[in-house]
Each structure stands twice: as structure tokens, then as C-alpha cells.
Amino acid sequence: MRNIAKIRIAWNLWKERVPIERMAKRVKVHRATVYRWIPRFRRLGLRRTIEYYRSCKKRSRRKRKVTGRVKAKVYEIREEKRNCCREKIQYFLRKEERIHLSVKTIYRILNEKYELRKKYKRGRKHGEVPKAEKEREVIQTDTIDFGEVYAFNYIDIYTRQAYVDLEVDLESESGKASLEEAVKVFGKIELLQSDGGPEYKKEFRKVVGKYTDKYRVSRPYKKNEQSYIESFNRSLRKECLGWGKYNIKDLPNMKERVKEYLKYYNNERPHLRLGMQIPNEIATCRICK
């Protein structure tokens with residue numbers, strides 16, 4: 001067998017103490033393969049390494065995890081649920097079919113049939129990370145998943161004034177509704193920044209220009225660009241709603257708790273970054289009195 005010949009050559013080169021990079025080029029395999037061979041050379045020797053390799057080739061392969069039926073179900077769910085995302089396909093597979101697939105596997109299946117748009121294009125210009133020198137100049141927004149309820153959070157990065165709107169899904173309609181409620185609290189916004197989630201697309205994008213002068217999407221995997229809202233997200237969990245999951249029937253109680261917490265957050269809670277001042281004390285436009 002051709003690979004056994006490569007193993008023999010690699011054995012001789014290893015005995016001569018040839019560097020691994022040169023061994024890989026000489027044998028014409030990836031260096032990771034050579035890294036796997038060498039421990040067996042040390043432990044088993046050449047003859048038993050070859051025997052091990054041959055026994056592995058004779059073993060029966062595991063049954064394929066993804067069958068044609070499963071693929072067809074993935075395509076069916078995507079079309080029935082209006083081109084929903086991979087996470088939602090995963091949810092419906094578990095709920096309706098009791099099929100457990102990773103998001104990565106679902107993406108691979110979809111990529112066989114559809115031409116999927118990549119979430120992040122290298123080199124795409126997002127502009128400089130905005131900084132604020134006055135209130136309402138920059139407001140960051142993000143969402144928290146509480147099970148069947150989602151918190152749409154907003155924070156003015158200059159005054160640290162915050163607002164929370166609770167919705168029952170992550171659709172763009174809910175993103176639009178939450179923005180309209182936030183504008184009633186903050187007024188005109190110069191720049192609004194969010195991540196690239198589905199709740200900030202379609203219907204949300206149609207109205208965002210009406211309420212803000214500029215809109216920016218933060219770069220993926222750059223948490224520091226959303227540091228203010230990420231910090232508030234943690235505070236909301238730690239000091240108010242916790243890390244548990246909620247049902248829709250809990251929504252009225254959650255709204256009351258959030259309302260009381262925002263009164264405390266904006267009117268009583270001091271911030272280290274504000275020199276231990278309170279958000280509504282340094283703002284000319286007070287909210288949540």
C-alpha cells in the first residue's frame with residue numbers, strides 16, 4: 001500500500017532525526033500526520049505501527065450521521081419557516097423530529113443546496129469605533145435571550161442611561177418595535193450601533209434612518225466594540241433578572257421588575273467610569289424618573 005511505504009520512509013527519516021517539516025515535505029503528507037505517526041514510532045516501533053495502520057483500515061466505518069432523509073428535513077424546515085437561520089432549524093429539528101444536529105452540520109447541509117451569504121466578509125469597512133462627547137451622540141443596543149422572552153437593551157455610552165424593552169421573539173418586527181419605544185425615551189439619536197443579529201435587519205433597517213442620523217453594525221467577534229451594552233447586559237442579569245429562562249406568562253412580572261430596576265439604575269446606581277456619579281445626575285435629559 002502506498003501509505004505504508006510513506007510510513008517506512010517517515011520511520012527512516014525520523015531515525016535520522018530529520019525535522020518534522022522536512023519529513024512532511026519528503027513524504028508528501030501534512031505535518032499533522034507526521035505528528036501522529038511519531039508517538040507510535042516511539043511506543044510501537046515500525047512493524048507494529050504498520051500493523052496498527054492496517055487494522056484501522058479493516059475496521060467497519062460508523063454509520064453516517066446525516067442521512068438523505070435528515071437533509072431533506074433540513075431543506076423542508078428552511079423553506080417552511082421563511083428561510084430561517086441555522087439555530088432555528090436546529091430548534092425545530094429537536095422539537096418536531098427529535099433529531100440532534102450541530103449548527104455547523106446544518107450549515108454544511110444547507111451549503112450543498114443553497115448559495116449562502118457569509119456573515120462576515122474580510123476587509124469589509126465598518127468605520128471607526130464611535131466615541132461620545134455628549135449625550136445621545138452614541139447609543140449601543142443588544143439583546144439578551146431569556147428563553148421565550150428577549151430583552152432589547154439600549155444604553156447611552158456618554159451618560160450610561162439605559163432602557164430595556166421586552167419582546168417575545170427575535171424577529172426584525174420586534175427590533176423595529178423596540179427601537180420605536182427606545183426613541184420615545186431617548187429622543188433623537190445621532191448614532192445607533194448594534195451587532196448583526198436578525199432582529200436588526202429587514203423591518204428594523206426600514207425605520208432606523210428615521211430615528212437616527214447614522215447606523216453602524218459592530219464587527220463580528222469584536223466584543224470591545226459593544227463593551228458598554230455588554231456590561232449593561234451583565235448588570236441586568238446579575239442585579240435583576242438572573243441567568244434563568246422565562247415563559248411568556250412571566251412577561252408581566254418581568255416588565256415590573258425591569259421597570260423598578262431601571263428606576264434604580266438611572267437614578268440611584270453610581271458608576272465607576274462616571275466618577276461615582278449617577279446617570280440622571282449628569283444628563284440634561286433625564287429618563288425613568
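The values are calculated or read from the model by the stated rules, or taken from the named source; none is laboratory data. Since this is a predicted model, take the numbers as computed values, not measurements. Cβ: placed from backbone, ideal geometry, glycine included. Neighbour counts: every protein chain shown.
A few notes on this one:
- In region 158-186, residue farthest from LEU236 (Cα to Cα) [restricted to those that are among the β-branched types (Val, Ile, Thr) and crowded, with 21+ Cβ neighbours inside 10 Å]: THR159
- Test: residue in region 175-184 that is acidic (Asp, Glu) and more than 24 Å from LEU241 (Cβ to Cβ): no
Quick grid of which residues meet (1) acidic (Asp, Glu); (2) modelled with pLDDT of 90 or more; (3) touching a helix residue (DSSP H, G or I) at 6+ places or on another chain (Cβ under 9 Å); (4) at positive phi:
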{"residue": "ALA10", "(1), (2), (3), (4)": "no, yes, yes, no"}
{"residue": "SER55", "(1), (2), (3), (4)": "no, no, no, no"}
{"residue": "LYS58", "(1), (2), (3), (4)": "no, no, no, no"}
{"residue": "ARG82", "(1), (2), (3), (4)": "no, no, no, yes"}
{"residue": "ARG86", "(1), (2), (3), (4)": "no, no, yes, no"}
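- When region 13-24 is filtered for residues that are surrounded by 12 or more Cβ atoms within 10 Å (Cβ to Cβ) and either in a helix (DSSP H, G or I) or at pLDDT below 90 (or both), the ones remaining, listed by number, are LEU13, TRP14, ILE20, ARG22, MET23, ALA24.
- Given (1) over 16 Å from the mean Cα position of the chain (by Cα); (2) at pLDDT below 95, number of the condition ASP165 does not satisfy: (2)
- Checked against (1) among the acidic types (Asp, Glu); (2) surrounded by fewer than 18 Cβ atoms within 10 Å (Cβ to Cβ); (3) at pLDDT 95 or above, ASP213 passes all but a single condition, namely (3).
- Only a single criterion out of (1) loosely packed, with under 15 Cβ neighbours inside 10 Å; (2) within 31 Å of the chain's Cα centre (by Cα) is not satisfied by MET254, namely (1).
- Selection within region 105-157 - modelled with pLDDT of 90 or more, aliphatic (A, V, I, L, M) and surrounded by fewer than 11 Cβ atoms within 10 Å (Cβ to Cβ): none
- Residue in region 30-45 that is more than 43 Å from the chain's Cα centre (by Cα) and at pLDDT below 90 present: no
One line per residue, one yes/no per condition, for (1) in contact with a strand residue (DSSP E or B) (Cβ under 7 Å, 6 or more places away or on another chain); (2) touching a residue at least 40 places away in the same chain (Cβ under 8 Å); (3) exposed (fewer than 15 other Cβ atoms within 10 Å of the Cβ):
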| residue | (1), (2), (3) |
| --- | --- |
| GLU190 | yes, yes, no |
| GLU203 | no, no, no |
| GLN226 | yes, yes, no |
| GLU239 | no, no, yes |
| GLU260 | no, no, yes |
| PRO270 | yes, no, yes |
| THR284 | no, yes, yes |
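- So LYS65, is it modelled with pLDDT under 90 and part of a loop (DSSP other than H, G, I, E, B): yes
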